[in-house]
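Everything below concerns the one structure shown next.
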Amino acid sequence: MADATPFSPVILKHIHEPGSHTIEHYQARGGYETARNLVGTAEPASLVKIVEDSGLRGRGGAGFPTGKKWSFLAKGTGKPAYLAVNGDESEPGTFKDRYILEKDPHQLLEGVILTCWAIQSNHAFIYLRGEFILGYERLEAAVREAKAKGFIGKNIFGKNFDLKVVVMRGAGAYICGEETGMLSSIEGGRGYPKIKPPFPAVSGVFKCPTIVNNVETIAAVSHILKHGAAWHKQWGTEKSPGFKIFCLSGAVKNPGVYEVPLGITMREMIEVYGGGLIEGRTLKAVIPGGLSAPLLTPEMVDKCTLDYESLASLGSMLGSGGITVLHDGVDLMSAVYNTMRFYHHESCGQCTPCREGTGWLEKLAHKFHGGHAHSGDVDLVGEVAKNMRGRTICVLADAAAMPMQSYLQHFRGEFEKRTHEPAHVERLRTPRDEITPTAKRESVQHGAPNVVDVGMGMDRV
Ligand SMILES: Cc1cc2nc3c(=O)[nH]c(=O)nc-3n(C[C@H](O)[C@H](O)[C@H](O)COP(=O)(O)O)c2cc1C
Ligand code: SF4
């Protein structure tokens, strides 16, 4: 795809300017003018078409084409349609949406207004991760400011269109980032995911047609509807057009958020944007798209470009754009244990392969980490992970199994190094080893006398 204009950040352009979160700052740079021009005037279907033509893909993880999703919204149902903006941002290694919420919330609100006009919804929810205190305060203030100006509320921009925007907070559960888990939480229930189909566009919140989109996706909509589909498509690749915010963390000199055209190389991200690896270290692996993404070895990193297709061809995924760089000194068994503890803790428990499988993976990872696994446990890890895939209500089970499978595929030797002969392990074993570390942790919290937390997990005393 031709690079007509050299790229400079779009969504993150103003985040370092003082007062960038206020309505005065936003309007001084032309903010809300696109909404003023299009709401009540432009044919809603024409806006859906522009977003479809732009090739914008959802930035929350799955990369589903946004305009296409909007076109699936059930019509003529006699029920209200809703927009639910996903600001849960719970994928480890991902910290981009919080910059939009904290530093430029009006940009998101303009995207919400335009999206609601395009899909003809009079009611938007914006669901935030509970820990985003500053983001919540700034977004709430932004909603108040926009309401006072008549951009949200009754007859917005003086047109015959009403829009209610409700900001809601979760309580810090990863599963409330999964779209149907989020909708359950918005409804006031536990954040339990629901079986799809029906997809939210047909039956979502309160069983009404609902479009769910990520914060970054909706922020991009404002710019696309201002500049047009061709403008967006001048960057990126044919199947992954446009630009995206990446969150770079781990063993690089300059970790941070970087908005870049899709399709640049992973090496460029690490070496140029990240400033290269920290002094004296070499690359061991990269987690490319949030913790759920299978990791890449250095050889795969050399072949990787930052677009949906390249990552898929390498057996991984672009996901949420959370890139974590691991250096040669990282103890992979410690990383694996930490990862599996997370998924076990966050499983909502509805499906047996996930509830039990994440527990088994945590337990096995704990054995490798603590050096009391035996040789058969290596294959057992692979078996458990395989049996968790594609059998559950949502893909959290896959999100736990996929990285585990990739660690095993690429670093089997590190697992094997931590194993002992079965007889040796048997001598170390007590009935307590049958309990998962999380269960032990819980039993400590409830006063069990003879276990103690030793930092990375629980051990016998
Ligand atoms: C376990 C799990 C956690 C997720 N967490 C988030 C999240 O924090 N934020 C988000 O936007 N999408 C998250 N997603 C993806 C959403 O289900 C959904 O695909 C997305 O919000 C749709 O928006 P998009 O099309 O704009 O990407 C998660 C998915 C899963 C399975
Ligand atoms: S896969 Fe896991 S998190 Fe998802 S619904 Fe089933 S038990 Fe809950």
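Values in this text are rule-based calculations from the coordinates and carry no lab data. If you're wondering where the values come from, they're calculated on a predicted model, not measured in any experiment. All Cβ positions, even for glycine, are placed from backbone atoms using ideal geometry, and neighbour counts span all protein chains on display.
If you put +1 on each Lys and Arg Cβ and -1 on each Asp and Glu Cβ, how big is the dipole of the chain around its Cα centre, in Debye rounded to 20?
Details: 51 positive and 50 negative charges, 239 e Å.
That gives a dipole near 1140 debye.
Set Lys and Arg Cβ to +1 and Asp and Glu Cβ to -1, take the dipole of segment 133-228 about its Cα centre, and tell me which of GLY153, VAL166, PRO198 lies farthest positive.
GLY153
Let me test this: with uniform point scatterers at the alpha carbons of segment 81-136, what is the Debye-based log₁₀ I(q)/I(0) at q = 0.18, 0.21 1/Å?
-0.62, -0.79
Can you pull the one-decimal nm distance between simple spin-label points at LEU380 and THR282, each 7 Å off the Cα toward Cβ?
3.4
What size of dipole, in debye to the nearest 20, comes out for segment 192-281 about its Cα centre when the only charges are +1 on Lys and Arg C-beta atoms and -1 on Asp and Glu C-beta atoms?
Details: 10 positive and 6 negative charges, 83 e Å.
Using only the charged Cβ atoms, the result is roughly 400 debye.
Would you mind checking the tilt of helix 44-54 against the longest principal axis of the Cα atoms of the chain, expressed as 0 to 90 degrees and rounded to 10?
Rounded to the nearest ten degrees, it is 50.
When the dipole is taken about the Cα centre of segment 111-157, and only Lys, Arg (+1) and Asp, Glu (-1) are charged at their Cβ, what size is it in debye, to the nearest 20? Provide the component values of the computation, followed by the final result.
On the way: 6 positive and 4 negative charges, 36 e Å.
With Lys and Arg at +1 and Asp and Glu at -1, about 180 debye.
In what order do SER184, SER54 fall by count of nearby beta-carbon atoms within 10 Å, going from fewest to most? Spell out each step's value before the answer.
On the way: SER184 20, SER54 25.
The order, fewest Cβ neighbours first, is SER184, SER54.
Run through the DSSP bridge list for the chain and note the antiparallel percent, rounded to the nearest 5. If you can, show how the numbers build up before the last one.
Numbers: 19 of 42 bridges.
Looking only at bridges with both residues in the chain, the antiparallel portion is about 45 percent.
Kindly put ARG129, ARG190 in sequence by how many other C-beta atoms sit within 10 Å of each C-beta, fewest to most. Provide the component values of the computation, followed by the final result.
Working: ARG129 24, ARG190 14.
Fewest-to-most ranking of ARG129, ARG190: ARG190, ARG129.
Compute the angle between helix 352-370 and the longest alpha-carbon principal axis of the chain, please, reported from 0 to 90 degrees and rounded to the nearest 10.
Approximately 50 degrees, to the nearest ten.
Treating the angle as unsigned and between 0 and 90°, give the value, to the nearest 10°, between the Cα long axis of helix 332-346 and the longest Cα principal axis of the chain.
Rounded to the nearest ten degrees, it is 60.
Work from the charge dipole of the chain (Cβ charges, +1 for Lys and Arg, -1 for Asp and Glu, about the Cα centre) and give the residue of THR34, HIS21, GLY382 farthest towards its positive end.
Positive-end residue among those listed: THR34.
Give me ARG341, ARG281, ARG57 sorted ascending by neighbouring Cβ count inside 10 Å, so fewest comes first.
Numbers: ARG341 22, ARG281 16, ARG57 26.
Least crowded to most crowded, the residues run ARG281, ARG341, ARG57.
What Kirkwood radius, in Å to one decimal, follows from the Cα pairs of the chain? Numbers along the way, then the final one.
Working: mean 1/r = 0.0429 Å⁻¹.
After inverting the mean inverse Cα-Cα distance, the result is 23.3 Å.
Post the alpha-carbon centroid distance, segment 153-223 to segment 395-418, in whole angstrom.
Segment 153-223 and segment 395-418 have Cα centres separated by 33 Å.
I'd like the GluC sites (Glu not before Pro) in segment 263-317 restricted to DSSP loop residues with at most 11 other Cβ atoms within 10 Å, sorted by number. Before the final figure, lay out each step's value.
Working: sites: GLU268, GLU271, GLU279, GLU299, GLU309; in loops: GLU279.
Within segment 263-317, the qualifying GluC sites (Glu not before Pro) (loop, at most 11 other Cβ atoms within 10 Å) are GLU279.
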